[in-house]
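Written below as structure tokens is the structure these notes are about.
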Amino acid sequence: MDAVERAAALREYAEQTSSCTRCALAKGRTQVVFGSGSPDADLMFVGEAPGFHEDQQGVPFVGQAGKLLDQLLAGIGLTRADVFVANVLMCRPPGNRDPLPDEISACEQHLFRKIELIQPTLVATLGNFATKLLSGRPAGITRVHGHEQEVTLGSRTVSLYPLYHPAAALYTPSMLKVLEEDFARIPALLERTLAEPVAAPEPDAQAEPEPEPVQLGLF
Ligand code: URA
């Protein structure tokens, strides 16, 4: 699939999953929060789950943690339109409690499909839940943040880059400093993953047309 076809498939997938009932969170949500940003992003962020504001607006990271994410992106010369932002869960857990294992199992196929369609080269996981799910390893974020690792997700190998969750860094200045330092490495990592793609390119990769720009927040 070329980039235009992948963008169309992503839009269709967002439509399909807007009525997902694979887990009990469907009952309490205002809406599914699919993810937002560029459907052809090289850099993708994966957080934990929608909170109150995300559930209301249908867009990930629009609350306080989202404002910090925007600032961190601005610090490396990027905006939300340059990247794709999604979560492990697409529906808000009641009272913002931690995701449960059966909710993660129910939702992971949606995340993997998004990654397959967007084809990022660098996937930055925000916090423990996304890091453990996508690395397939139990090591916590305190140990692994700032250390990129190659992981195979479905048919693709990507570079996984674990980061502290912005919500955790909001009220802990020492953690914010580390998050800023880890963020500062993203441009070089991105350049490296683009220069040395770990997955075999598609045969027609060079001939790929540009996808239609996608309105931020549509997904
Ligand atoms: N925290 C997350 O992990 N995701 C969001 O979308 C908002 C806050």
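The values are calculated or read from the model by the stated rules, or taken from the named source; none is laboratory data. Note that the structure is a prediction, hence the values are computed from the model and not measured. Neighbour counts are summed over all protein chains in view; Cβ atoms, including those assigned to glycine, are modelled from backbone coordinates with ideal geometry. In case anyone asks, the SASA skips ligands and DNA or RNA and just uses the protein heavy atoms, side chains included. Shrake-Rupley method; radii C 1.70, N 1.55, O 1.52, S 1.80 Å.
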Of the criteria (1) in contact (Cβ under 8 Å) with a residue 40 or more places away in the chain; (2) within 22 Å of ASP182 (Cα to Cα), which one GLY63 fails: (1)
Which number in (1) in contact (Cβ under 8 Å) with a residue 60 or more places away in the chain; (2) farther than 18 Å from HIS165 by Cα marks the one condition that PRO101 misses? (1)
Pick from the stretch 140-168, criterion out of contact with any Phe, Trp or Tyr (no Cβ under 8 Å at 6 or more places or on another chain) and closer than 18 Å to PRO99 by Cβ, ranking: farthest from the ligand (Cβ to nearest atom): GLY140
Looking at (1) touching a Gly at 6+ places or on another chain (Cβ under 7 Å); (2) open to solvent by 20 Å² or more (accessible area, probe 1.4 Å); (3) of a type in the set (A, V, I, L, M, F, W, C), which one does VAL33 not meet, given that it meets all the others? (2)
Please go through the stretch 2-57 and give me each residue that is without any contact (Cβ under 8 Å) to a residue 24 or more places away in the chain and not in a helix (DSSP H, G or I), ordered by number. SER18, SER19, THR21
Yes/no for LEU69 being near the ligand (Cβ under 10 Å from one of its atoms), in contact with a Lys or Arg (Cβ under 9 Å, 6 or more places away or on another chain), in a helix (DSSP H, G or I) and in contact (Cβ under 8 Å) with a residue 40 or more places away in the chain: yes
Just checking, does the stretch 11-33 include any residue being within 16 Å of the chain's Cα centre (by Cα), within 12 Å of the ligand (Cβ to nearest atom) and closer than 21 Å to GLN119 by Cα? yes
Within the stretch 163-179, restricting attention to residues that are of a type outside the set (A, V, I, L, M, F, W, C) and under 17 Å from PHE61 (Cβ atoms), which residue is surrounded by the fewest Cβ atoms within 10 Å (Cβ to Cβ)? TYR171
So in the stretch 180-203, with the set limited to residues that are at pLDDT below 95 and in a loop (DSSP other than H, G, I, E, B), which one is farthest from the ligand (Cβ to nearest atom)? PRO203
Restricting to the stretch 72-91, count the residues that are within 9 Å of the ligand (Cβ to nearest atom) and among the charged types (D, E, K, R). 0
Give me the pairs, please: first residue somewhere in the stretch 125-137 and without any contact (Cβ under 8 Å) to a residue 24 or more places away in the chain, second residue anywhere and open to solvent by less than 10 Å² (accessible area, probe 1.4 Å) and polar (S, T, N, Q), beta-carbon distance under 9 Å, and either six or more positions apart or on two chains. LYS132/THR125; ARG137/THR131
Condition met for LEU126 (of a type in the set (A, V, I, L, M, F, W, C), under 25 Å from GLY154 (Cβ atoms) and away from the ligand (no atom under 11 Å from the Cβ)): no
